[in-house]
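Some notes on the structure that comes next.
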Amino acid sequence: MNILVCVKQVPDTENDTIKIDPATNTVIRDGVQCVMSDFDRYALEAAARIKDSDSSVQIVVMTVGPEQARDVVKHSLSVSADKAYLITDPAFSGSDAMATSYIIAEAIKKIEDLEGRIDAIFFGKQAIDGETAQVGPGVAEKLGYPQVTCCVGVSAADGRMIAEKEVKGGIERVSVSVPCILTFAKPEWEPRFSTIKRKLAANKAVIPVLSANDIPSIDKNRVGPAGSKVKIKHTLVPEKKSGALMINEETPEESAAELFKKLSRANII
Amino acid sequence: MYAKSKDLWVFVETGEDGSPVSGLDLLNPGKELAGKQGGALTAVIIGGNNEAAEKACAECGADKIITIGGEEYARYTTDAYSGALGYLVEKYRPETILIGATANGRDLAPRIASRFDTGIVADCIGFEVEEETGNLVCMRPISSGSMIVSCICPGSRPQIASVRLNTFKKSAPSENRAAERIREKYHVQADSIRTVILEVINNKSARANLEDAEIIVSGGRGTGGEGGFVLLRELADVLGGVVAASRAATDEGWIPSSSLIGQTGKSVAPKLYIACGISGALQHVCGMSDSDVIVAINRDANAPIFEIADYGVVGDMFKVVPAFIEEVKKARA
């Protein structure tokens with residue numbers, strides 16, 4: 001069984017490094033560390049857990065991005081992936097979520113030519129930079145596959161996937177036919193770490209690169225800024241709040257009383 | 001795809017009991033936007049039994065209501081809902097579709113956009129209409145809310161936007177409002193729904209309903225452990241709220257990650273958010289900064305949480321919170 005995991009390289013926001021260039025109103029990316037988007041880690045771990053119980057599973061990772069995105073696919077090899085593809089082409093840069101879905105769907109068909117039938121495709125539910133949550137369902141539709149979004153667990157059984165989907169008020173256990181697309185939210189478990197041995201192997205691994213020309217089915221009119229339906233009109237930096245009304249009485253008890261008074265007078269509680 | 005009408009659709013999502021869970025709020029801004037586009041405000045309902053939702057949509061200002069009903073729609077599945085909505089979009093080709101960014105809305109909207117190869121903007125917080133083109137200008141926060149971009153989808157119809165929850169308030173319902181009702185028929189065969197729900201495991205504890213809570217009491221690293229959350233739960237109980245957490249606390253395992261608020265967890269906008277021992281890292285703030293009122297209790301007077309809070313108390317939460325609980329109890333005794 002082949003499981004394909006689609007990952008994205010994003011700026012590391014854990015350390016609040018996002019800064020805005022006031023002159024251009026754009027995110028300053030220079031010098032910002034890049035990491036695999038959090039939810040993609042869970043998707044990769046979910047695949048690894050299936051492989052734990054069935055060693056015949058092959059985990060293939062792909063990413064669409066600039067040449068630097070090689071780092072995240074390399075990282076996935078050092079953790080649990082068996083193979084990795086980097087899909088990169090200057091023509092792809094500036095694609096919106098739907099154009100990206102199109103690129104990924106066409107790339108998946110190409111990877112199937114090389115690796116054989118892919119049974120399940122895992123995504124993070126959204127990237128932590130764009131946060132559109134559109135690419136997983138977008139690809140599912142382009143390929144005509146069923147989808148289960150916001151999964152927090154999965155197992156393979158009798159040629160189907162059994163997904164645990166996070167829903168309002170609980171969990172739905174959903175059986176879905178393959179091939180299918182699953183997207184992952186934050187589960188109760190944590191992803192495993194890379195090992196030294198796998199790291200060394202990942203550093204040596206040859207990562208196949210697919211460009212637009214390697215995927216002949218791609219219509220170049222449907223990718224990049226020109227192929228993207230969403231156009232950005234403006235960007236603006238929202239006004240900051242003026243800061244809190246600070247309550248700082250002599251004792252914590254007095255502060256608590258003052259806070260209560262203010263909240264009840266304002267009809268908040 | 002071109003539009004056949006200038007109508008603006010609002011997808012009204014219903015629960016299993018048929019009551020609307022999302023979309024009535026969007027009829028409010030939808031009214032003005034539909035007017036500017038020169039079309040009718042149209043509520044679209046797909047569900048097992050749509051009567052209650054139809055009535056609510058009429059009362060909340062819909063000019064037209066299009067429904068598809070049937071057993072297969074009683075509980076959401078991607079295949080059934082995208083089949084039915086796709087059928088309606090193909091038939092009517094509206095100018096615009098607004099969908100609440102619930103978990104189901106975010107599952108459905110990109111599927112429809114991908115099917116019709118049209119533009120879609122996620123998690124919008126505001127709209128305008130360009131007069132000359134009829135383009136919907138969609139405002140959405142990016143980079144954890146540090147920037148807002150406005151986007152348009154020129155030449156692509158329907159233009160689809162998902163709308164961040166709790167952004168708009170529904171208008172006061174006026175009874176006996178008439179709306180044109182269109183009942184469409186579209187049947188999805190059971191075997192063409194490729195997902196089968198085997199079991200629903202209900203999580204009755206309050207934390208599962210963070211997104212609906214009006215009051216949230218949230219703890220971070222400063223709660224120090226599970227004991228700190230016992231105190232926060234007590235505060236939540238006296239206020240009728242629910243408990244949530246920042247990443248520092250869920251990473252430590254003090255509280256399950258289903259309670260996590262922020263970039264890798266849930267986004268909430270309650271009436272009152274009380275942040276205890278939370279420093280206010282960007283990845284947390286982006287999940288709660290839309291709350292109506294934010295109270296921060298933190299020992300560190302320089303914690304960034306105070307920059308986005310409305311009320312701040314510098315102090316030890318283990319002293320301030322018990323005293324605050326006493327105040328609430330005293331007032332209600």
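Can you tell me what the convex hull of the Cα atoms of segment B:157-263 projects to on average, as an area in nm²? If you can, show how the numbers build up before the last one.
Numbers: hull surface 50.5 nm².
Mean shadow area of the hull around the Cα atoms is 12.6 nm².
Given R₀ = 56 Å, FRET efficiency for B:Leu198-A:Ser211 by Cβ-Cβ distance, to 0.05? Don't jump to the answer; show the numbers that get you there.
Numbers: r = 42 Å, r/R0 = 0.76.
Calculated value: 0.85.
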*Find the eigenvalues of the gyration tensor of the Cα atoms of segment B:1-46, then list the square roots of 5 times those eigenvalues as equivalent ellipsoid semi-axes, largest first, in whole angstrom.*
22, 12, 6
_Whole-Hz ³J(HN,Hα) for each residue in segment B:288-298, computed from phi via Karplus 6.51 cos²θ - 1.76 cosθ + 1.60 with θ = phi - 60°, x for glycine and proline: what do you get?_
9, 5, 8, 4, 5, 10, 10, 10, 10, 10, 7
*asked:* Calculate the FRET efficiency for B:Lys170 and B:Asp191 from the Cβ-Cβ distance with a Förster distance of 35 Å, rounded to the nearest 0.05.
replied: 0.40
*Convex hull (Cα only) mean projected area of segment B:8-192, reported in nm² to one decimal*: 10.1
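Would you calculate a helix-derived [θ] at 222 nm for chain B, using -39,500 (n - 2.57) for each DSSP H run of n ≥ 4 and dividing by the full residue count, to the nearest 500? Before the final figure, lay out the partial values.
On the way: 9 runs with 95 residues, N = 333.
The per-residue figure over chain B is -8500 deg cm²/dmol.
Taking neighbour counts of Cβ atoms within 10 Å as a proxy for exposure, in what order, fewest first, do B:Thr223, B:Thr67 appear? Walk me through the intermediate numbers first.
Working: B:Thr223 27, B:Thr67 23.
Least to most surrounded, the residues fall as B:Thr67, B:Thr223.
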*Quick one: if you stick a label point 7 Å off each Cα along the C-beta vector at B:Glu252 and B:Glu132, how many nm between them?*
5.8
*When only alpha-carbon atoms count, how far does chain B stretch along each of its three principal axes, as whole angstroms with the largest first?*
63, 46, 39
*What base-10 log of the normalised intensity I(q)/I(0) is obtained for segment B:219-333 from the Debye formula, alpha carbons as equal point scatterers, at q = 0.15, 0.20 Å⁻¹?*
-0.58, -1.07
_Compute the distance from the alpha-carbon center of segment A:118-195 to that of segment B:11-90, in whole Å._
27
*asked:* Which three extents, in angstrom, do the Cα atoms of segment A:196-269 have along their principal axes, listed largest first?
replied: 70, 46, 20
_Over 30 Å (Cα to Cα) - which of A:Lys51/A:Lys186; A:Lys204/A:Lys231; B:Lys6/B:Lys169; A:Lys109/A:Lys197; A:Lys142/A:Lys233; A:Lys197/B:Lys266 fall in this group_ = A:Lys204/A:Lys231; A:Lys109/A:Lys197; A:Lys197/B:Lys266
*Kirkwood-Stokes translational diffusion coefficient of the protein assembly as shown, alpha-carbon pairs, 20 °C, 1.002 mPa s, µm²/s*: 85
*Where does the Debye-calculated log10 I(q)/I(0) of chain A sit at q = 0.09, 0.17 Å⁻¹, using only Cα point scatterers of equal weight, no solvent?*
-0.50, -1.35
_Normalised alpha carbon radius of gyration of segment A:123-269 [divisor 2.2 N^0.38 Å]_ = 1.69
*If each residue's Cβ is checked for other Cβ atoms within 10 Å, how do A:Ser76, A:Ser194, A:Ser95 rank with the fewest at the top?*
A:Ser194, A:Ser95, A:Ser76
*Compute the label zone of B:Glu32 within segment B:96-135: residues whose backbone N is under 16 Å from the point 7 Å along Cα-to-Cβ.*
B:125-131
_Using a 10 Å cut-off around each Cβ, can you sort B:Trp254, A:Trp189, B:Trp9 from fewest to most neighbouring Cβ atoms?_
A:Trp189, B:Trp254, B:Trp9
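Since every read-out is calculated from the coordinates, none of them should be taken as a lab result. Just so it is clear, the structure is predicted and the values come from calculations on it, not from any experiment. All Cβ positions, even for glycine, are placed from backbone atoms using ideal geometry, and neighbour counts span all protein chains on display.
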